[in-house]
Amino acid sequence: MSGIEAILNNPAYHDYLAILKGARNGFVYGVKVRFPHALIMAILFGRGDWQTRLRAIYRATKQHALNLAKFVSLYKTLLLVQKKMNGGKERSFDTFIAGLIGGYVVFGDRSAVNEQIVLYVCSRVVASFLSRAKTPYSSSAPAAPGVRPLPPDSTQFSIFAAVCWGAVMWLFNERGETIQPGMFNSMTYLYRDSEHWNSLRTLLWHNK
């Protein structure tokens, strides 16, 4: 184990292991977020027998978890590539480029799960441009749609997803104070906590 511990704590391997832990955190977070949501939706609004509903819960949870794992690992990989191409220096717009490409590749395929994730990200990006108030956040229930919704155009959705993810990654890195606290905490878990570990246990099994 001493040899493994030496590798885990060797700065030369840090950026590469951070990609691995980022994928791990993305998968775990995706399961934690999607499974209870899919379960409640299946209980309240699900159709068919419980075998059918359980399959739907599994599919939604799997897609959410794998897509987050893919995005975090791809995002970190693209940041590392850009850093190496720039002589080891990080640039402000590297986060936008990595988020843009990652968003297009991972979340550009329109599905119910991806739509929910991208719209969540978009709302936070748009809200970040509002002036910051000194009062605590408050939430309000969204208005129910009056007509049957139609899915967005696939091509336009792919571009929309790319821009949203590029923007939110840049904002998180450069203007973190403008991001809604819940999402900021989520992104900290995915992208910053995955930069730190001190053993194989905290690399793969536990976050800290």
Tell me which of G176, V33, Y58 sits at the most positive position along the dipole axis of the chain, charges placed on C-beta atoms (Lys, Arg +1; Asp, Glu -1).
Y58
Please give, to one decimal in nm, the separation of the simple spin-label points placed at E174 and S123, each 7 Å out from Cα toward the Cβ.
2.5 nm
In a shell of Cβ-Cβ distance under 11 Å around A23, excluding A23 itself, what net charge do Lys and Arg (+1) and Asp and Glu (-1) give?
+4
Which of W165, W197, W50 fluctuates most in a GNM of the chain (C-alpha springs under 10 Å)? That residue is W50
Quick one: angle between helix 112-128 and the longest Cα principal axis of the chain, in degrees between 0 and 90, rounded to 10, please.
70 degrees
Test of understanding: what is the full-extension gain from L66 to A6, defined as 0.36 nm times their sequence separation minus their Cα-Cα distance?
18.7 nm
Tell me which lysines have Cα within less than 30 Å of K62's Cα, excluding those fewer than 8 residues away on the same chain?
K21, K32, K70, K76, K208
Hey, which aspartates and glutamates would be in cross-link range of K84, C-alpha to C-alpha under 14 Å, not counting anything within fewer than 8 residues on its own chain?
D15, D94
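Each reported figure results from applying straightforward, stated rules to the coordinates on display, with no laboratory input. Since the model is a prediction, treat every value here as computed from it, not as a measurement. With ideal geometry, Cβ positions are generated from the backbone for all residues, glycine too; neighbour counts draw on all protein chains shown.
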